[in-house]
Amino acid sequence: MGSVGLNRPERTLIGGTLDISRMINGLWQRAGGHDQNTDMEEAVNVMEDTIQRGLDTFDMADHYGDAELIIGQHNTTKAGSSKVAFTKWCPAENGIKTFKNAEAAVDLALKRMNQDKIDLLQYHAWDFSDNTYLHNLSHLHTLQKRGKIGLIGMTNTDAAHLKLLLDTGFSIATNQIPTNVIDRRLTRGPLNKLCLENDVGILAYGTLLGGFLSEKWLGQPEPEDINKLNWSLRKYLRFIWAAGGWAAYQNVLEALSTVAKRHGVSIAAISTRYVLDIPSVKAVIIGSRLSYDSEKYIDKNLEAFRLQLTSEDMELIHKAQEGLSDIPGDCGDEYRRPPFLTAAGDTSDHLDAVEKAKPVKDAIAVGKRVEYSSGSPWEPIAGYCRAVRTGNIIRVSGTTTQKILPTLPAIGGTSAASQTVHILDIIENALKALGSSLSDIVRTRIMVRDAEVCEEVSRAHGWVFKNAGVRPANTFVTAGLIGDEMLVEIEAEAEIGCAKEGVLRI
């Protein structure tokens, strides 16, 4: 049957140094939306019991309700108990790039957690076109050198931007993303291979699809009203829709049930083992409310460590997965572009809606020309700006990558592909400032220093515009670029609203 008799979680190293449980207690449910109402003392006691069972690793964030405070209280009342505590910094899109702001965020987490050092601090960037995240990561690495942070990880970061960070010289230990038998973007895209090549450990959440991967839902009808579900189920019902719908999901659930019966375990155990066996996955994150009934799930969760999936098991699961559709985009895209696979179906749970381009629209309405400056010191010297909008037309100047961090090379390092990704991020940010988006681009012109990088630059360009849903006209030439580190330069033209009604390809 493949059982190996383990009743405690496997362990692994992240960042080559930090020993963790391969099953992590995720405290996202402390953020609300799950109707729990436990008190602090109870939560601390449940945490201690969980630690004694070998589940000594906890994951939380700055916005997970009182999760960091529970860690702090546990450190106070159970001082002799050893555990590993991760948290996240998910700053608002406010453009603040100062070291002071980053240090204040880390110090607040340390205070709440009652610790001298954060074992793993994970950073979430809402918008890669805003280079604030690069400044913040630089600040976090400074704080790491000062001993306030052990390891630095990312959350919901696609392969292209993770590669960009690595190519720039950032040390990234982990990337926390959703993955399960329904959401296969990790293995069907480039992220799994990239992480293996660079020793970036995947911390997988959504392993049980918010509870949908359980006997409770086997053979059941699709929920009629998504708003009557808790936050987890709302979120992951959207994943089911994106992966082909309820019937395709039920087919996979039936296969999991068959395998579970072979091993005498739960569907959840099979689903967890499936993810644990993905090569880049260091650990899975299982939701815990730290309430009085949390402990009854521990034995069920630990079943995943006493079985091995056989080739026959995997064949059955893979056969059922043939009926699934690929979830659009890469891991983390659900927070940045449609379809927004969040509890709300958009980003309203996370970000305040801000009409950044209203002054631009008002100026255009009265016939004004709008010039957007990116802050480059050369713009006033040479008398140009990053982009100009006249009417519904936007013209973006030739753009190269940036060297915004004195301790690191230009963003993207010596990778022409990563420089291309960052350049298009810069262009996207200019378009957003002028009330547009990448889907409005009708022409790009690419200049490279060396023709040998043509393919990798083209593939990066293609990835960006596949996500945007358009294929602009393009010119690609070699040129003598200014600046030894600059490998690629791109300029663009956009026509606002040109793809509003869709695209006809002939």
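Some values worked out for this structure:
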| read-out | value |
| --- | --- |
| Column: log10 I(q)/I(0), Debye, Cα scatterers of region 296-378, q = 0.14, 0.19, 0.21, 0.25 Å⁻¹ | -0.89, -1.11, -1.07, -1.06 |
| All Cα pairs of region 119-196, percent lying beyond 18 Å | 41 |
| Where V388, V44 fall by accessible area, highest first, once all protein chains stay in place (1.4 Å) | V388, V44 |
| Estimated [θ] at 222 nm from DSSP helical runs (n ≥ 4, -39500 (n - 2.57)) normalised by residues in the chain, nearest 500 | -10500 deg cm²/dmol |
| Label point 7 Å beyond Cα of E371 along Cβ direction - residues of region 378-409 with amide nitrogen under 20 Å | 378-400 |
| Accessible area (Å², 1.4 Å probe, nearest 10) - D330 | 10 |
| Cα centre as origin, Lys/Arg/Asp/Glu Cβ charges: region 352-495 dipole, Debye | 480 |
| Antiparallel bridges, percent of DSSP beta bridges restricted to the chain (to nearest 5) | 40 |
| Gain on full stretching of the segment that runs from W246 to K111 - 0.36 nm per residue minus C-alpha separation | 44.1 nm |
| Over 24 Å between alpha carbons, listed pairs K117/K296; K216/K300; K97/K403; K78/K282 | K117/K296; K78/K282 |
| Relative pair counts by distance (%), Cα atoms of region 198-315, 5 Å bins | 2, 10, 19, 22, 21, 15, 7, 2, 0 |
| For region 352-495: Kirkwood Rh in Å [reciprocal of mean 1/r, alpha carbons] | 15.8 |
| Dipole magnitude (debye, nearest 20) for the chain, charges at Cβ of Lys, Arg, Asp, Glu | 440 |
| Solvent-accessible area, 1.4 Å probe, carbon plus sulfur percent, for the chain | 50 |
| Which listed pairs, of K111/K432; K88/K358; K358/K500, have C-alpha distances above 25 Å, in listed order | K111/K432; K88/K358 |
| For the chain, the longest site-free run once GluC sites (Glu not before Pro) in DSSP loop states with at most 10 other Cβ atoms within 10 Å are removed | 1-223 |
| Share of pairwise Cα separations in region 263-312, more than 14 Å, in percent | 53 |
| Accessible solvent surface per residue of the chain, calculated while the other protein chains remain in place, 1.4 angstrom probe, Å² | 44 |
| Cut-off 15 Å between beta-carbons: net charge of the residues surrounding P359, Lys and Arg +1, Asp and Glu -1 | +4 |
| Cα pair count fraction exceeding 45 Å, expressed as % - the chain | 17 |
| Segment D299-K193, length gained on full extension (0.36 nm per residue, minus Cα span) | 34.9 nm |
| Extension gain, I482 back to E222 (0.36 nm per residue minus Cα-Cα distance, nm) | 87.8 nm |
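The values are calculated or read from the model by the stated rules, or taken from the named source; none is laboratory data. Everything numeric here is computed off the predicted structure, so don't read it as measured data. Don't worry about glycine lacking a Cβ; one is built from the backbone with ideal geometry, like all the others, and counts go over all protein chains shown. Note: areas computed on protein heavy atoms with side chains; ligands, DNA, RNA excluded. Shrake-Rupley method; radii C 1.70, N 1.55, O 1.52, S 1.80 Å.
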